[in-house]
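A short write-up of the structure that comes next.
What follows draws every value from the coordinates through simple rules; no lab data is involved. Since this is a predicted model, take the numbers as computed values, not measurements. A quick note on method: Cβ atoms are made from the backbone with ideal geometry, for glycine too, and the neighbour counts reach across all protein chains shown.
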Amino acid sequence: MVDADVRLGLSGSDLAIRNKTFHSALTMTPGTLDGISHRFLSVVNEHGLQESVVDFQNCNGIPSFTVTPDVIEAFLRIAKENSSYDLLSDCFGVDRLAFSTAHRFEVVYSLYSIQHSDRIIVRVALALDQPCPTAAGIYPATVWPEREIYDMFGVEFTGHPDLRRILMPDDWVGHPLRKDFPLGGEEVEFSHNVREQESK
Amino acid sequence: MQNSDLMSERSTTFPAGIEVERQHDPDTGADTMTINMGPSHPSTHGVLRLVLELDGENVVRCTPHIGYLHTGIEKTMENLSYYKALVLTDREDYLSNLCNNLAYSLAVEQLVDVVIPEKSQVLRVLLNELERIASHMLWLGTHALDIGAMSVFFYTWQDRDLILEIKEHMSGVRTKTSWICPGGLRGDMPSGWYERVESFLNQFPKRMEMYEGLLSNNPIWLERTRGVGVLTPQDALDAGLTGPSLRASGVAWDLRKSNPYSGYEQYEFDIAVGQYGDVLDRYRVRMEELRQSYEICRQAMKRALAMPGAPVRTNDRKIAPPPKAELDTSMEALIHHFKLFTEGYHPPVGEALGVVEGPRGEKAYYVISDGSNRPYRVRIKGPSFYNLQALPKMCEGRLVADVVAMIGSIDIVLGDIDR
């Protein structure tokens, strides 16, 4: 953890604030969604999936359900087919290196229902090197964003139709949006022999 | 070395698609040819590379290659304070700067829980609609230019330039103003600004008539656009399309109506919805949007002029700097000013989504705070990224000449795609 904090450039006061509270960080007992009412939750209960919700958050008005990778497909399927979340608004990754080593990455699916004009977030908690099942079969719009997550965070998606880098060059080493990827330090192109040339 | 050897060696040393390759399928007897379009091609609207597999004039397969404009804006924003990260929002989708400012500001304002004054809400709407007009003007000009109607480009560029002058008058900067910031606006409008907007709006309906006259009934234009690049509502939703491109496919969804922000619920306007989802519908939807934006601008102008001298920035000195005049007399103001621009503010731990209806679709900023003065993660949802995903679906089976019409019709900005 210390190494990661140094790389992140976090100092004393930042760390104190961060350690006090951050994202309930998967501390919820599975199945304790009592007191939370949302139309998606009743669909989740109907399908007997409430045990799989490992964390619930209210992200400034948007309910967010964290689930384990094995049930993500089932979750997205009921969101699309039974709760009319027909539009994939966005899909992106988060590196939680500074907060949790067991739960290093998150893949976040932000879903929108045109009929009800509301949003939910479904997210998957992943360990380092843990693959995530693709959602491309349910929301075809995730094909490119999942490629971006693979490119930027190195999360593998099993069953993905076309898992290649999308923004970075094919021969790039590393995953730039990981928190332990250094900022800067990249060699300037065509500068490998600049000293040699100058000394001539 | 024989010529054929040379060719085979070349095709292994160059990345696939750079060279013209010919394939023969012995089963079907079809001969296809792979050609490369872009990355530097005038009608790809930036640096987009398409690898097209052609059977004669027909596109068999289209593979977009993106990332040429990737500058790591999300990563850079994670390493700047909240106030400083704002300037990068101007630089990702460089044609909808003020809309990006607003989306980011809405997210940060939710995190720090600040209420902004009424007048800044009105001016945010006005600026966003002017931005939409400017962006659509650029789209109209380049889209028509791609299809071969050159003169439209010169006229739309004039109109866009008038809006850039409006922005310059306001801030001293023509495009990347960062004028909308967390806490309100950077400042009130200078004298003569409203007159300038007024004079732009006065001539705008006539200009719209001219554009309609040049294109809407032009037989060549109709021939090139009608029935081209059809997307059914299901296709559009599957690709994650948003904005005018989605509405052209018949899905009536506009964030300004469905989830109003900055007081859009107080304005009277309609949203244009297409019927067939072809290039012509996408053109018509955007043309109608221009007129509706004009209506919103008129209403916002009336509201803004009714509030002379009202504050445009929150009084919370932790979020927005104090007025310049106060710095000379108040020690407290000086401290606030110094703290804001050096350390910045620490929003409480949490996550917030700021989302606006940009010219190209749903522009969303997802900001995660860890309690420090820098965002832990900023995710920028570029609508063009999703819109471009629909391109292979649109152009496969169509003529290669129509590909430029389809690219123009989804109005992509590569800065928005690659970020």
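Computed quantities for the displayed model
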| quantity | calculated |
| --- | --- |
| Within a Gaussian network of chain B (alpha carbon springs, distance under 10 Å), most fluctuating of B:Gly38, B:Gly213, B:Gly141 | B:Gly213 |
| Over chain B: helical MRE at 222 nm, DSSP H runs n ≥ 4 each giving -39500 (n - 2.57), nearest 500 | -15000 deg cm²/dmol |
| Estimated dipole of segment A:37-181 in Debye, rounded to 20 [Cβ of Lys and Arg +1, of Asp and Glu -1, Cα centre] | 260 debye |
| Cα-centred dipole magnitude for chain B, charges only on beta-carbon of K, R (+1) and D, E (-1), debye, nearest 20 | 1200 debye |
| Furthest towards positive pole of dipole, A:Cys132, A:Pro182, A:Gly61, structure part segment A:51-200, Cβ charges | A:Gly61 |
| Amide proton proximity set for A:Val67, modelled H, under 5 Å, gap of 5+ | A:Val54, A:Arg123, A:Val124, A:Ala125 |
| GNM flexibility winner over chain B from B:Gln121, B:Gln292, B:Gln23 (Cα, springs under 10 Å) | B:Gln23 |
| Euclidean distance of C-alpha centroids, segment A:65-84 and segment B:172-251, integer Å | 36 Å |
| Hits among lysines - C-alpha to C-alpha of A:Lys179 under 19 Å, sequence gap 8 or more where chains match | B:Lys75 |
| Highest average packing first - B:133-140, B:62-69, A:111-118, A:167-174, Cβ atoms within 10 Å | B:133-140, B:62-69, A:111-118, A:167-174 |
| In Hz, Karplus ³J(HN,Hα) per residue of segment B:222-228 (6.51, -1.76, 1.60; θ = phi - 60°; x = Gly, Pro) | 5, 4, 7, 10, 6, x, 9 |
| Calculated on alpha-carbon atoms, Rg and Dmax of segment A:37-181 in Å | 15.0, 48 |
| Residue among B:Asp370, B:Asp188, B:Asp254 with the largest mean-square fluctuation in a Gaussian network model of chain B, springs linking Cα atoms under 10 Å | B:Asp370 |
| Charge context of A:Val54, other residues only, Cβ under 13 angstrom, K/R +1, D/E -1 | -3 |
| Segment A:173-200 versus segment B:316-357: alpha-carbon centroid distance in Å | 36 Å |
| Dipole of the protein assembly as shown, positive end: most advanced residue of A:His192, B:Val47, B:Leu102 [Cβ charges, Cα centre] | B:Leu102 |
